[in-house]
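What follows is a single structure, written as structure tokens, with notes after it.
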Amino acid sequence: MEIQTSDGRYAETDVQALAVAVFKDEKADEGFLKELDAATGGLVSSILEAEELKGKEGEMAYVHLPNAGGGLKARRLLLVGAGEKDDYKLSQVSQFAGAAVRHLRARSVKSVGLVARLEGADAGRVAAAAVEGALIGLFEPDKYRTVDKEERTVDRLVVIGGEGADAEALRRGAERGRVVGESVNFTRDLANEPGAYMTPTIMAERAQQIANEFGLEIDVLDQARMEEEGMGAFLSVARGSDQPPKMMILKYMPEGKTSINDGEDYLALVGKGITFDTGGISLKPGENMELMKYDMTGGATVLGVMRAIAQLKPPVPVLGVVPATENMPSGKATKPGDVVRAMSGKTIEVINTDAEGRLILADGVSYAKKLGATRVIDMATLTGAVSIALGDVNTGIMGTDQELINEVIEAGREVGEKFWQLPLDKEYTKQIKSDIADIKNVGGRKAGTITAAAFIKEFADGLSWAHLDIAGTAWGDEAKPFRSKGPTGVAVRTLLNYVERVSRAAEAGDGGGGT
Ligand code: BES
Ligand code: ZN
Ligand code: ZN
């Protein structure tokens, strides 16, 4: 899709269809809509008077030949309900754009002009939100369909900033939006792949590709290297699989920087890369097991974020760590009751081989620490319990650094991704005490999401650390007006915004963003 911006008038924009946001209970006889009403020969007031559209989020009114008044170049007009004007922020712009392009693509429209109407906001940020929302809206999970596949495409998108908008800011914003939107879709694409097509080896090849294409340092540890590092927790999960495990390490350094100084703040993102989770010997029931192909979404999120960071080039270094393996039952698999030794030296009694994510993250976090990370955000489809607690609306967040947690929550709020903090009092750690080893990998039925985090906390000693449990939010069972069903790409935008916020703070010299 060709992406353009315009600092001209929407009426003169040469596109097949214009999409315009309309707020709740907005009147056609004043302000912006008055002008549009005149340009369309009274179409807008006619639609609003007929109450065909009241401006509620998700409502659409679509008309052909809206240029009866001779004032519009576009031959089709889509009015998109955008909800309350006071609640209309950048994240709503992104949803407006996604909903508009999805609706218009389904009507075979090839070129779309977006009039997002977020007044008073930075033109570049509005353009970024619009482009990112449109790209995310156009993603479909139907890759392997040969019939009834969505073959239609929107070939050209024009973000219309309006007369007097800063053309350079629009252009730069649209470019950022393209990078972010494509990277979110990169993550969704990986998450969507069947287990057979997204083995640890293939995932590592994808990581290698982004490193080559966008310029990141990369190291992929194979089993022998992991054995040398003593990653017994990770390797205990990989044991049952015929697919060789991989640990991907991606490094982004700002220009001119070659290494991390002692004691310097260094952010690492660590993502769970279970390319298929059968549960292992503690085998999962068959129902819905096919969904366990998305158990590598945390890892795919790290790769998506690193892919974008390599292009956006923030002034802070970022490390990405993705331990990847299948979790399979076999004659070689780890058995419940086995005791394994993590890289940190801690011994773990494996009570349930289906609680494997925390085992691979334990060694992932330890390795990030070994590479000098001081601040770690890990992300994982870790527990079914998180969707019992928070559904598919909020991602669970826990950690040891309240300032970091607050920053991530706020970064998410700005891009329209919700995080809800669960407590992580030390009392929960009692639930993972083992009779035979230092800790065990499950903490009983109570507080399943929290005890999983309490387990990872054991390996985050001395770090500023936050943990995101995306099991409930990484997959959408239903399509939304602005997004298909399937992989959501949750947290990619939040983490990129977090890095941007940290960069701004670093440039302002206050070193903010958590300690
Ligand atoms: N990958 C699952 C968690 C999961 C469940 C992700 C549903 C997405 C959707 C994880 O490895 C797992 O199986 N967790 C167990 C932990 C239990 C054995 C303590 C769970 O949630 O049941
Ligand atoms: Zn599991
Ligand atoms: Zn899992």
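The values are calculated or read from the model by the stated rules, or taken from the named source; none is laboratory data. Remember, predicted model here, so these are calculated numbers, not experimental data. In this analysis, Cβ positions are derived from the backbone assuming ideal geometry, glycine residues included, and neighbour counts consider all displayed protein chains. In case anyone asks, the SASA skips ligands and DNA or RNA and just uses the protein heavy atoms, side chains included. Shrake-Rupley method; radii C 1.70, N 1.55, O 1.52, S 1.80 Å.
Numbers at a glance
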quantity: Segment 195-268-segment 160-175 distance, computed between alpha-carbon centres (Å); calculated: 38
quantity: Label point 7 Å beyond Cα of D338 along Cβ direction - residues of segment 200-235 with amide nitrogen under 12 Å; calculated: 232-235
quantity: Descending principal axes extents, the chain, alpha-carbon based, whole Å; calculated: 81, 52, 42
quantity: Cα gyration tensor shape of segment 98-166, rounded if a/c is under 1.5, else prolate or oblate by comparing a/b with b/c; calculated: prolate
quantity: Nearest-0.05 FRET efficiency for V147 and K284, computed from C-beta distance (R0 25 Å); calculated: 0.20
quantity: Ellipsoid semi-axes in whole angstrom, largest first, where each is sqrt(5λ) of the Cα gyration tensor of segment 140-295; calculated: 35, 27, 12
quantity: Total lysine pairs under 28 Å (Cα atoms) in segment 321-419, excluding pairs fewer than 8 apart on one chain; calculated: 5
quantity: Mean separation of Cα contacts under 8 Å, 6 or more apart, over the residue count of segment 247-349: relative contact order %; calculated: 41
quantity: Cα gyration tensor of segment 349-409 - equivalent ellipsoid semi-axes, whole Å, descending; calculated: 21, 20, 8
quantity: Test item: Cα-centred dipole of segment 232-307, Lys/Arg +1 and Asp/Glu -1 on Cβ, debye; calculated: 160
quantity: Projected area averaged over orientations for segment 68-204, convex hull of C-alpha atoms, nm²; calculated: 10.8
quantity: Largest to smallest accessible area among D155, D262 [probe 1.4 Å]; calculated: D262, D155
quantity: Segment 336-413, relative contact order [Cα under 8 Å, separation at least 6], %; calculated: 17
quantity: Over segment 1-117: Kirkwood hydrodynamic radius from C-alpha pairwise inverse distances, Å; calculated: 14.1
quantity: Dipole magnitude of the chain about its Cα centre (Cβ charges: Lys, Arg +1; Asp, Glu -1), debye to nearest 20; calculated: 680
quantity: Check: segment 134-201 dipole with +1 on Lys, Arg Cβ and -1 on Asp, Glu Cβ, in debye; calculated: 100
quantity: Protein accessible area in segment 368-515, 1.4 Å probe - carbon and sulfur %; calculated: 49
quantity: Accessible area in square angstrom per residue, the chain, 1.4 angstrom probe; calculated: 41
quantity: Within segment 119-163: backbone nitrogen closer than 20 Å to the R504 label point (7 Å, Cα to C-beta); calculated: 119-133
quantity: Percent RCO, i.e. relative contact order, over the chain, from Cα pairs under 8 Å lying at least 6 residues apart; calculated: 15
quantity: Cross-link reach list, lysines versus K27, counting only Cα pairs under 16 Å and skipping chain neighbours closer than eight places; calculated: K54, K56, K85
quantity: Percent breakdown of C-alpha pair distances by 5 Å bin, ordered from the shortest bin, for segment 55-97; calculated: 6, 20, 23, 16, 16, 14, 4
quantity: √(5λ) per eigenvalue of the Cα gyration tensor, segment 209-306, largest first, Å; calculated: 30, 17, 12
